[in-house]
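Just below is one structure, and these are the notes that go with it.
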Amino acid sequence: MLNRDISSFHTGNIPDTDGLKAQRLHSLNSMGKWIVDSLNAGYFAIDNTVCEWVSLATAKDLFSSYVFWCDNQRIGEHNRFTQTTLGKYLGDIGFEVKKGNACNHRQLGSIEDAIRKFEAFERVKIQLSTENG
């Protein structure tokens, strides 16, 4: 052991295992969990109405879906985020803003594109249900 070269060893180099990805997925905040549920379902639900996946969604519809999801999951007000915070989070993931005349939209792309962006940003692996993928 005395002659072993450990100069390249760094305690911060943690392997990105499936277990670590599952732990990150489990630890997501309410915005992340809402996105995972929406991606897994293949749609956004707003007031018991299913809104099929669209590549371009209004910011208002996305926030309404998030609030509806929080209500159904019994997420308290202290664990919910504002529309501004949700918009920043979606932008950080890579869903670009498209300015409209009446309202802003988010470019989500296909479900497959959205999953890739989300998995890369959060460093998780989404296991889709068998009925959707």
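Read the figures in this text as sums done on the coordinates, not as results from a lab. Remember, it's a predicted structure, so these values are computed and weren't measured experimentally. When we count neighbours, we look across all protein chains shown, and the Cβ atoms used for this are built from the backbone with ideal geometry, even at glycine.
Couple of notes before you dig in:
- Projected onto their three principal axes, the Cα atoms of the chain cover extents of 68, 34, 30 Å, largest first.
- Sites matching GluC sites (Glu not before Pro) across region 64-133 that sit in DSSP coil, with at most 15 neighbouring C-beta atoms within 10 Å: 96, 131
- Point-to-point label distance, residue 74-residue 7, nm (Cα→Cβ direction, 7 Å offset): 5.9
- Qualifying aspartates and glutamates (Cα of each under 16 Å from Cα of residue 21; at least 8 residues distant if same chain): 119, 122
- Under the criterion of Cα pairs below 8 Å and six or more residues apart, the relative contact order for the chain equals 31 percent.
- Dipole magnitude for region 19-120: about 300 debye, using +1 per Lys or Arg Cβ and -1 per Asp or Glu Cβ, origin at the Cα centre.
- Compactness relative to 2.2 N^0.38 Å, alpha carbon Rg of region 60-131: 1.21
- Taking the chain as a Gaussian network of alpha-carbon nodes connected by springs under 10 Å, the highest mean-square fluctuation of the residues 82, 49, 11 belongs to 11.
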